[in-house]
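Where a number appears in this text, it was derived from the coordinates with a stated rule and is not lab data. Model, not experiment: these values are computed from the prediction. When we count neighbours, we look across all protein chains shown, and the Cβ atoms used for this are built from the backbone with ideal geometry, even at glycine.
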Ligand SMILES: NC(=O)c1ccc[n+]([C@@H]2O[C@H](COP(=O)([O-])OP(=O)(O)OC[C@H]3O[C@@H](n4cnc5c(N)ncnc54)[C@H](O)[C@@H]3O)[C@@H](O)[C@H]2O)c1
């Protein structure tokens with residue numbers, strides 16, 4: 001079992017491995033009431049041992065399921081959850097356990113951030129995407145019709161338990177989508193601090209795609225280590241370092257919004273990475289083979305490299321509203337100094353990058 005520490009006040013551990021959920025009782029500690037937020041499918045597959053372990057601490061366990069899908073990541077769900085918690089008498093000294101993917105983690109995390117001005121939350125991610133990314137770092141948010149993650153808060157969990165055994169039941173498309181965030185780490189993970197995500201993918205791609213537990217434990221730990229390092233150095237996205245985790249995400253969020261979430265988040269990130277590589281190459285920041293490597297890696301992981309059919313003008317309009325934008329268009333791009341924010345790239349470079357992902361400018 002790998003244990004990584006996020007060095008924020010107060011520090012907390014990310015536990016990665018087969019059986020990490022066995023640490024849930026310790027992570028919850030002594031509470032009067034514990035609200036477990038999950039989804040019906042996740043509860044059916046992985047709920048029983050978690051509920052039993054929490055109940056064994058002597059806590060009263062309240063299960064508050066939410067619906068599936070990105071639409072459930074809404075203020076309406078937050079209202080429903082917090083009203084259920086209030087009706088169940090959940091107090092500030094109690095705790096929330098979020099058992100599920102990023103939708104559960106983001107929604108339960110945000111509800112926990114605002115309920116009683118903050119109750120502790122234990123993140124128990126059960127998708128690859130949430131284990132390598134969403135559950136770590138305390139970013140919580142829900143969507144508005146105007147865009148993704150527009151209402152949120154920083155609310156660090158008290159622990160993250162990434163049990164790779166849960167990934168065995170993940171639908172294939174969800175598993176592949178998680179590999180979109182893995183590809184992000186592989187492509188941003190250059191330089192002296194590299195945890196060699198790309199090297200692991202090169203050496204054990206087949207084992208990863210076959211969901212070999214040992215390969216997944218290694219992969220999740222290496223990706224999580226990058227997130228833990230970045231979050232520890234820039235917990236609230238003030239220095240620009242944490243913004244680098246949004247590599248590929250500017251276009252990805254626009255693809256999700258304009259495409260009405262036809263692409264899953266990780267699939268949109270995959271296309272966004274190809275776009276970011278092409279944009280960096282068009283701006284002369286990286287050589288063409290480095291951009292080609294973006295496309296090759298994404299394709300090797302069985303992820304989409306193009307997103308035809310969405311109008312560039314609509315995507316640009318959404319990207320202008322991106323939280324990371326300073327009034328214009330901002331992209332995180334690779335370059336001679338590593339990953340940095342690039343404002344307002346010229347139209348020909350944008351056109352080339354759109355063309356690289358099959359979108360007519
Ligand atoms: N907070 C952050 O820093 C951050 C980072 C990246 C992504 N996100 C957010 O994460 C969300 C996407 O999360 P996701 O990709 O995990 O999708 P998701 O939460 O929608 O889960 C995908 C599907 O898999 C099911 N599922 C989950 N675990 C399962 C398991 N072990 N076995 C079987 N089925 C299982 C879920 O019920 C759901 O139907 C997006 O809303 C995105 O914005 C947040």
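Quick look at the values:
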item	result
Largest-first principal axis extents of the Cα set of the chain (Å)	62, 42, 35
Where labels lie 7 Å past Cα in the beta-carbon direction, separation of residue 296 and residue 260 in nm	3.8
Cα shape, segment 284-360, gyration tensor, a/c 1.5 rule	oblate
DSSP beta bridges in the chain [antiparallel fraction, %, rounded to 5]	40
GNM flexibility winner over the chain from 163, 212, 26 (Cα, springs under 10 Å)	26
Per-pair calculated FRET efficiency, R0 = 35 Å: residue 151 and residue 347 via Cβ, rounded to 0.05	0.60
Calculated [θ] (222 nm, deg cm²/dmol) that DSSP helices of n ≥ 4 give over the chain, each run adding -39,500 (n - 2.57)	-13000 deg cm²/dmol
Label-point separation, residue 361 to residue 92 (7 Å along Cα→Cβ), nm	5.4
DSSP bridge pairs, segment 2-169: antiparallel proportion in percent, nearest 5	30
Burial ordering of 319, 1, fewest other beta-carbon atoms within 10 Å first	1, 319
With Cα atoms, 0 to 90° folded angle of helix 213-233 axis to the chain main axis	80
Point-to-point label distance, residue 30-residue 55, nm (Cα→Cβ direction, 7 Å offset)	2.2
Gyration tensor verdict on segment 2-169 (Cα atoms; rounded if a/c is under 1.5, prolate if a/b is larger than b/c, oblate otherwise)	rounded
Segment residue 144-residue 48, length gained on full extension (0.36 nm per residue, minus Cα span)	31.3 nm
Crossing angle, helix 197-209 versus the chain [Cα axis fit, 0-90 degrees, rounded to tens]	70
Degrees separating the helix 347-356 axis from the principal Cα axis of the chain, which is the longest one	70
